[in-house]
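J.: The structure under discussion is supplied below as C-alpha cells; questions concerning it will follow.
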Amino acid sequence: MVADLFYYFIYPGFLFTAVIGGLIAGVDRKITARVQFRKGPPIIQPFYDFLKLLLVKETILPAKGSKITFLLAPVFAVFGASTSAILIMLPLFGINTGFQGDVIVVFYLLGIPSLAYIIGALASGNPLAAVGGSREMKLIISYELTFILIIAAIILKAGASVSLYKIIEIQQSGTAFIGSVSGVLLFIAAIFCVQAKLGLVPFDMGEAETEIAEGAFIEYSGSAYALIKLTKYMLFFTLPAFIILLFLSGIQFSGIHILWSVLKLVAVVLLITLIRNTNPRLKIGQAMRFFLIWMNLLVVVAITLSYLGY
C-alpha cells in the first residue's frame, strides 16, 4: 500500500510528472521566444505562474451557470492527467505493475482532461466559453478516432498485446516500431494527435486567445485556473512520454541508454514546439477534415502496411 501511494503521488506519478512537465513547458516557452527573436521568460516561469494563481490570485465564480460543476471540472482534469501519467510512467521506467489492457485504459484516461474542459466551459454560463467548449468538442470527435486507430495499429504490431510493459519489451528485444514504414506513418499521425490534445497551434482553436480570449477557460481564475495549468504541464510530459513508449522503445536506465532516453524526450518535445511555432491556427472545419480524412487515411495505410509486414 505504501509503495502504491509513493508511485502515485511522488515518483513516477503526480509530483514527478508535474515538476518535469513544468520544466518542459518552460523550455517550450523559451524556444518559442527564441523563434520569435525574444529573450523569453525563465525556464521556471511555469512554476511562478502556478504558485501565483494558487496562492495569490482570487478565485472568482461566474454569476451564471453551475458553480459546483465549474469548480469540479479542473479537479477531474488533474485526476485524468495524473492517473494516465502513473500508468504510462510505471512501465516506461521498467516497473512491471501494470495489467492486461492498460493501453486501452490510458486512452480513455487521456480523454478526461479535454472532456473536463468542455464541462467546465459549459458550466460557466459564458457564451464565449461555450464557443470554446464547442470547438474543443468538435476537435475531440475528429482526433480521438485517429488516436484509437493508432493504438490499434500498435497492438497489431505488438502481436495483439494490450499491455504497455509488453509493448516496450517487444521493442527493446527487437526493433523500435518507428523503424518500419508503417511505424513512421503512425508516428506522424500520433504527433499531430498529441498536438491537438495539448491544445497547441495549429489546433488551439478551443482557446484561441486572439479570437475568443482563452475560450473555454475565460471564466477561470485563481486556484481553479491553477489546476488547469497544472493539467497542461503534466500532459506536456505524459503525452511525449507515451509517444516514446509506443514508438521509441521506452526508457532504459543503464549506461549510455540514460542519455539516449533523455534525447528521445527532448527530440519529441522539440518537434511539437517547432510545429507550434511554424504553423498558423486552423479553422475548426479544417482541423476536422485534417484528422477525419487525411490522418485517418494515413493510419489505415499504415495498418495495411503493418499487416503486410512493412
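Only the coordinates and a few stated rules stand behind these numbers; no lab work does. Because the structure is predicted, anything quoted here is derived from the model rather than measured. Here Cβ is always computed from backbone atoms with ideal geometry, including for glycine, and neighbour counts include all displayed protein chains.
J.: Relative to the first principal axis of the alpha-carbon coordinates of the chain, what is the inclination of helix 164-173, with its axis defined by its Cα atoms, in degrees from 0 to 90 and to the nearest 10?
T.: Helix 164-173 and the main axis of the chain meet at about 40 degrees.
J.: Still on this structure: Quick check on segment 6-98: what are the equivalent-ellipsoid semi-axes from the Cα gyration tensor, as sqrt(5λ), descending, whole Å?
T.: Numbers: eigenvalues 136, 122, 24 Å².
Working from the Cα gyration tensor, I get semi-axes of 26, 25, 11 Å.
J.: Another question, then. Relative to the present Cα-Cα distance, how much length would full extension add between Y11 and K283 at 0.36 nm per residue of separation?
T.: Contour length minus the Cα-Cα distance gives 94.0 nm.
J.: First measure r as the distance between the Cβ atoms of Y307 and E58, then evaluate 1/(1 + (r/R0)^6) with R0 = 51 Å and state the FRET efficiency to the nearest 0.05.
T.: Result of the calculation: an efficiency of 0.35.
J.: Would you compute, from DSSP H runs of 4+ residues alone, the mean residue ellipticity of the chain at 222 nm, taking -39500 (n - 2.57) per run and dividing by the full residue count, rounded to the nearest 500? Walk me through the intermediate numbers first.
T.: Numbers: 13 runs with 217 residues, N = 310.
Computed mean residue ellipticity for the chain: -23500 deg cm²/dmol.
J.: Where does helix 14-35 land angle-wise versus the long Cα axis of the chain, in degrees 0 to 90, nearest 10?
T.: 80 degrees
J.: Show me the ranking of peptides 230-240, 113-123, 275-285 by mean Cβ neighbours inside 10 Å, starting with the highest. Let's see the in-between values first.
T.: Details: 230-240: 25.9, 113-123: 23.9, 275-285: 14.5.
Sorting 230-240, 113-123, 275-285 by mean packing, highest first, produces 230-240, 113-123, 275-285.
J.: Provide Rg and Dmax in Å for segment 19-155, with only Cα atoms included in the calculation.
T.: So, for segment 19-155, Rg and Dmax equal 18.0, 49 Å respectively.
J.: Here is a follow-up. Of the cross-linked pairs K67/K283; K30/K166; K30/K232; K64/K197; K166/K229; K138/K232, which ones have a Cα-Cα span greater than 25 Å in the structure shown? Spell out each step's value before the answer.
T.: On the way: K67/K283 31 Å; K30/K166 36 Å; K30/K232 17 Å; K64/K197 28 Å; K166/K229 33 Å; K138/K232 19 Å.
With Cα atoms farther than 25 Å apart: K67/K283; K30/K166; K64/K197; K166/K229.
J.: Also, quick follow-up: Restricting the calculation to Cα positions, tell me the Rg (one decimal) and the Dmax (whole number) of segment 225-286 in Å.
T.: 14.7, 48
J.: When averaged across all projection directions, what area in nm² does the alpha-carbon convex hull of segment 104-217 cover?
T.: 7.4 nm²
J.: Turning to a different aspect of this structure: Based on the Kirkwood radius over alpha-carbon pairs, what value in µm²/s does the Stokes-Einstein equation return for the translational diffusion coefficient of segment 165-241 at 4 °C and 1.567 mPa s?
T.: 87 µm²/s
J.: Once the principal axes of the Cα atoms of the chain are found, what is the range along each, listed largest first in whole angstroms?
T.: Here the Cα extents, ordered largest to smallest, are 57, 46, 41 Å.
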